Each structure stands twice: as C-alpha cells, then as structure tokens.
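One structure below.
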Amino acid sequence: MAEEIPQSGQTGNERGFTLKSVLFGLLGIFIVSGLAGFHDSRMPGTLLVGTHLPVGAFFYILLVGLGWNLACSRLLPGLVLNSKELVVVMGMTLMACFPPTSSLCRYFQRQLLLPWYYLSSGGQTEWEKFGILDYLPKKLFPTPPPEVRDGILQLDDTVYRGFFTGLAKGKESVSLFALPWGGWIQPLMYWGPLIVLMSVCVLSLTLLVHRQWSEHEQLSYPVAQVAGAFVKREKGRGIPDLFRSKLFWWGFSPVFLLYMLEYLHQWFPIYVPGLLDTLPNLKSTDWLPLYEKFPLMMKAPGWWGVCIHTTFFSVIGLSYFVSTEISLTMGLAPILMCVAGAWYFMITGTPVPDTEFTGVPVSRCGAYFGYALILIYTGRTYYSAILKKALFIGKASESDRIGIMAARLTVLSFAAFVGVLVIMGLDWLVALTFSLFLMLLFLVLTRIICETGVPFIQANWFPGSILVPLFGPAAVGPGPLVFVVWLGTILVQDPRECLMPYAATSIKMADDAKLHVGKIFWILVGAVIVALAVAFTATTWTQYNFGGMAVDNWASQGAPRVFFDNAARYVSEMSDTGTLDQSAKLHGLAKTRLYSPDPQALGFFAFGMIAVIVFSMIRFRFSRFPLHPALFIVWGTYPSVVIWGSFLIGWAIKSLVVRFGGGRVYQNLKPVFMGLIAGELMAAGTAIFVDMIYYYVTGGKVPSFGFNVLAT
C-alpha cells in the first residue's frame, strides 16, 4: 500500500461551504469550462485540461491558494480562503474539467452535424446503400433535420452548413445571441436529460464506492493527495504549508525555470537558447536501433511504443507516492506487451490481431470485466450490506446513511438513464447492455487512477462497438447497432477527462478535510450541471464561429466517418449472411436467438478477464509480487506508451531512496517531488495564460510547445 502524504495543519472548526468558496468555485467552472474548448481548438500545445491531472484546475487553485491568499492575508484577511474552502473550490473546478473537450463537447456537436456533411459530399457509398444515418431518429438532430428532396440531401444553411464552414466573417465573430439556438432546442430535450442522468449516476456510484475504497481498502488516491497538499494550511497563515518548505522549492524551481526558458525560446529563438534541444531525453529518445536487434519482439502490435521515451516530471513526482509494484508495472507495461506478443507469435505462428490494439480490443474489455469482478469480490460484505439497507432490509446506522443514499441514487439514475435511451429510440435490451458496459468502464478506469495515480489513461474500447464481437451483429440489430456505435463516440470516445475520477478525487479531498461528504456530493452535482451548460454554450459558440471542421482533424474528419464506416460494415455483413431483415424485426429478448459471437474475440475476452483475476489472486496470496493487474488495463494504450519511461524513473528513484535512506528520508523528500509536479503544472499554466492574453489582444499565432502529457 502506498504511503500517504502527511496532512499538515489543523482545520479546527473552519467552514468549507461558504459564499466565498462557492463563488470561487463558480469562477473556476466558468474559466475551465468556458475557455477549454476555445483554447484547445485555437491554440496548439499544452491542453487546458487534457488528463486527470488537469493544468487548468491545478493552476487555478495554485493561483487562488498562493496568489490570492497571500495578497489578502495582510490587507483583507476576511477574504482569505481556508483549507476547507479551497477543497470546495477545487472540487467544483474539477467538475468543470469533464464536459468542455474530449470527454463530451469535443465530439457532441460534431457527431450530430458532421456525418451529414460527409453524406452530402458523396463517397459514402455504404452509408447510402444501407441508409446508415436513416437508422437514427431525426428528433435527435438539430432542426430542421436533413431530408432528401429530388434525390438531393437538403441541409439548413445556418444550423448545418454554417457549422461546417463557420459563421464568422474575417475577424468579425458572430455574437452568442446570434447563433441558431432554436435549432438545438429539440435535440437537447433528449440529450440534456441523458447526459445529466449519466453524470448523476456516475457521481452516485463514486460516492457508493468511496467508503470501501478509502477506508476499508485504504487506497492511496495519489492525485487527491497532491491536490490536498496544495491547499492544506494552518489556520491564520496566508499560504498553504507546502509552499513554506525549502525542499518544495528545490523541486519546483529547476523544473519551472527549465520549461520557462524553453517557452521563451519558442517566442525568441534567436535570443534565448533552447535547453531541451541540448537535453534530448527530456523530449524523446529513439531506441529503435536497440529493438531492431530483437525482431521477434517486433511481432507484437504497438512494439514501437518501447522505442520512444519521453520524460515528464509530473509523472515522476506522482510515482514517488505510489507503491513500487504499481510504478514498476506502469513502467514495464509496453515491454511486457511486446513479450506477450512475441510469445503469442511463437505459439500460434501468427501475430496478435491488430484489432486487439488498434480496433476493438476485446482482451482489454475482458480485463475491465475481470477487474470489476475483483472489486465486487473484495467489497462484497460492504456492498451487500448497503444494498440490503437501500432496499429497506435491516436497520441503517448513522455511518451507513450516505452509502444508502448513494446506492438508491445510483439505481434510480441508472434506470432513468436506460429509460431515456429507450425514449430516444433504442431497443431496451441493447440500452441496458450498453449502459452496464458504460458504467463498468467508468468504474474500473476510476479505480485504476485512484490506486495507481496514473494521470493519463484511455480505455480504447467502446461500450457500443464491443457488443458486436461479443454477441454478433445480428443479435444487436442494424438500428440499435448504428445507434450505440454513434452513442459511444459521443459519451465515451476518449475518457482521458472522465467525470468519475474527478469526482473521486474531490470526494476524497473533502473526506480528508473533514467536510461532510453528503454536502460535497450535492455541491458537485450542481457544479456538473452548471459546467455542462457553460461548456456547451462556449464550445457551440467557438465551433459555429470558426467552423466545426477547423483544426481538430480527428474529431472533425476521423470520428464522424470511422465509426459509421464500421457500422456500415457490420450491416453489410448481416446483409451478406441473410440475417439483416430478421434482425431488424426482432426486439428485446427475441434477439438472443441470433446470438453469434466471434470465437476468437471470446478467447481474447476470456484471456483478459482471467489474467486480471489470476494476478489479483497472486497478489492476495503473495504481497511482494512485483506486478499489478492494472498491467492488462493499460498495456497497448497510447498513454502507456507516453508515460512508461517516467514511471520507471520514479520507481528507480523511490527504490534507491528507501533502500539507502530508509523511511525517514523517504518522508522528508516528499516535498521535492511535490515541487516537480507543481513546477510542471505552473509552467504549463503560465504558458496557457500568456498565450490566451496574446491571442485575445492581437489574434496572432502562438508558439506550439507542449509541456507534458497534457500536450498530447
């Protein structure tokens, strides 16, 4: 189990839920949700959110906790925010990191509009042949909906074509009130309740598992520890205690200065030398010549990932606060994937199918499923007791009330979420199955972050697409299949900014600060709803002004076509096998008679599930087993390729410190590694702040420079 960062300072009887904290939290929501979509689409380099260690939120809380409090501590001490208030501010701001970009609004508006652009532009013969977009209810699209007249697809010039090309004329942008909001009223009557219910279900599920994870299993919550250390301060002092440590500044200063010099080099290349050009390992190291000596290893998909290493100080800092087997596992994941791929090739004579890493990675879905089974097994006593009491079986104690409330809200919001999907036009059995896979993905991904501290993680499997190899396209049906593939691209295409890990971090921080967890839960619910409204409004303004096809090639060109191409291929497969008409007529449980899974996919699914369960059982029996089952969750993903080297560096440093310095030295050096994390976050935040001001004042191009994993 990972060691915890000492929580210095006494909070006493300080209040957290105050007008000050709520106002600063709302300001954080408007800054992050309001600017992230615009910044990430108009300015290259470091993303404002990007991961579960979001630059925007941490930079904001550092400015408030350090800058604002320091300025007010002597002149206006009544305006200084105490530790508990800062926790509330941080929690609300983290909720704002969910909707503005990759987790929702990067794809939401585009997936409702751009598929019609590609259909109208020709070349989508399979879409036309099988009427792929006709399977989707027109009520879910902005009005007036597209329709065919005289064989030509008609699209509204403002709502649709205005989105494709952008409505701004030169430097003259269209005002917020001049946007075609009327066309969005009808679809938002369906999508709004669906996304809000999903958010409430996710928050309730987070609250339900919190006590089991934090108290019974004693998870380390590394990201929450870091955030908590940034806001903890003794009563009567202006700034958090961490910033009074000299060791913190020894870690912070070189990282911050290094990146600031490189940032200045981007602006003034003639006058400021580029230090990272003379220190190439901080950017990347190409180890391809080494791996070319092991051709068998190159039979594994993703082998190229171990040929490139990039150093990220924030990841090195986080790895210091997690257990050594976790940081070692994260560091070895790409290498072990190559070993497994070589082993598979030696046994079968064929490489691992590319779909396992670049298509629909069924083995990783199986690993998620296996990990969920382990979570249920380890928490079976607590969960069964809570669920019984939630069903009014047995007497509830005072300590169980929050868990009971969370269980009831989880069940009710989940049922309502499925109900809205049915109202939207999805078959009830497919809606239920999709929703279960969706929540399973959120749950396991959050558990990995809370346990390992990995700030950048992606699943790369989709709750809609995964139904095809596991059940067969005919068992899903052509209409539901197109629907869930489309739905997955909107709700969970890139969970690098997933809501549930942000909620878990916020609730853990509140619990450590002795705030009422039930109250912070409702604060977070309100914050999410506000953030959704702000993010949708701001992102829609940005996309309608500058064009939904500008800058972001994947979101505007790849995603609107690739997933519908896959759906068309599945429908074509049903047509070729003669099951299309029969599948279209069946509903509910009647679809099970067409169950026809892919045998190879089931094998990979079983491998992922069994591997996680076996590794978990070994760790239950042998506490010193050096590998963590999270290996099968992360290997083969892009984040694993990006951060593996930094985790290995952090593992080596921590191992050496503990071995030769002992526990006391390890504890004493923690501020240094906090400084590494803060230095990278502050440098990235400073660059974003300067870029935004420069762009707002001049409209000129800013330099493209990414500071860490948030730039990818």
The correct count of residues that are assigned to a helix (DSSP H, G or I) and of a type in the set (Gly, Ala, Ser) in segment 421-449 is 2
If you check Ser121, Ser103, which single one turns out to be over 21 Å from Ala229 (Cβ atoms), buried (at least 22 other Cβ atoms within 10 Å of the Cβ) and among the small types (Gly, Ala, Ser)?
Ser103
Of the residues in segment 74-88, those that are assigned to a helix (DSSP H, G or I), closer than 13 Å to Arg15 by Cβ and of a type in the set (A, V, I, L, M, F, W, C) come to Leu86, Val87, Val88
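Are any residues in segment 616-628 within 25 Å of the chain's Cα centre (by Cα), of a type outside the set (Ser, Thr, Tyr) and surrounded by fewer than 23 Cβ atoms within 10 Å (Cβ to Cβ), and if so, which ones?
Of everything in segment 616-628, just one residue is within 25 Å of the chain's Cα centre (by Cα), of a type outside the set (Ser, Thr, Tyr) and surrounded by fewer than 23 Cβ atoms within 10 Å (Cβ to Cβ), namely Leu627.
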Need pairs with beta-carbon distance below 6 Å; first residue under 15 Å from Ile31 (Cα atoms) and within segment 683-696, second of a type in the set (Phe, Trp, Tyr); sequence gap 6+ or separate chains.
Gly685/Phe59
For segment 439-449, indicate whether the set of residues that are within 28 Å of Arg619 (Cβ to Cβ), in contact with a Lys or Arg (Cβ under 7 Å, 6 or more places away or on another chain) and not hydrophobic (A, V, I, L, M, F, W, C) is non-empty.
no
If you check Gln225, Gln218, Gln212, which single one turns out to be under 26 Å from the mean Cα position of the chain (by Cα), within 30 Å of Leu53 (Cβ to Cβ) and not in a helix (DSSP H, G or I)?
Gln218
Given the criterion aromatic (Phe, Trp, Tyr), part of a loop (DSSP other than H, G, I, E, B), at pLDDT 70 or above and out of contact with any Pro (no Cβ under 9 Å at 6 or more places or on another chain), identify the matching residue among Tyr259, Tyr271.
Tyr271
Residue check, Ala416 against (1) within 26 Å of the chain's Cα centre (by Cα); (2) at pLDDT below 95, all met but one. Which one?
(2)
Answer residue from segment 38-59, given it is of a type in the set (A, V, I, L, M) and crowded, with 24+ Cβ neighbours inside 10 Å and is modelled with the lowest pLDDT among those:
Leu47
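If you check Leu167 against the conditions, is it part of a strand (DSSP E or B) and at pLDDT below 90?
It is false that Leu167 is part of a strand (DSSP E or B) and at pLDDT below 90.
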Which residue pairs have Cβ atoms closer than 8 Å, lie 6 or more positions apart in sequence or on different chains, and pair a first residue in segment 158-181 that is over 20 Å from Ala535 (Cα atoms) with a second residue that is surrounded by 14 or more Cβ atoms within 10 Å (Cβ to Cβ) and of a type in the set (Gly, Ala, Ser)?
Thr158/Gly183; Thr165/Gly547
Kindly state which helices (runs of 4 or more DSSP H) lie completely within segment 450-517 and contain at least 1 residues that are modelled with pLDDT of 90 or more and among the aromatic types (Phe, Trp, Tyr).
467-471, 478-491, 499-512
Test for Ser575: is it more than 22 Å from Leu114 (Cβ to Cβ) and either among the aromatic types (Phe, Trp, Tyr) or outside any helix (DSSP H, G or I) (or both):
no
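Find the residue count for segment 629-643, including only residues that are surrounded by fewer than 24 Cβ atoms within 10 Å (Cβ to Cβ) and at pLDDT below 90.
Count: 5.
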Are there any pairs with C-beta distances below 7 angstrom linking a residue in segment 315-328 that is free of Cβ contacts under 8 Å to residues at least 60 places away in the same chain and under 12 Å from Val226 (Cβ atoms) to a residue that is surrounded by fewer than 24 Cβ atoms within 10 Å (Cβ to Cβ) and of a type in the set (Gly, Ala, Ser), with the two at least 6 apart or on different chains, and if so which?
none
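The values are calculated or read from the model by the stated rules, or taken from the named source; none is laboratory data. Quick caveat, the model's predicted, so the values are computed rather than measured. So basically every Cβ, Gly included, is an ideal-geometry build from the backbone, and we count neighbours across all protein chains shown.
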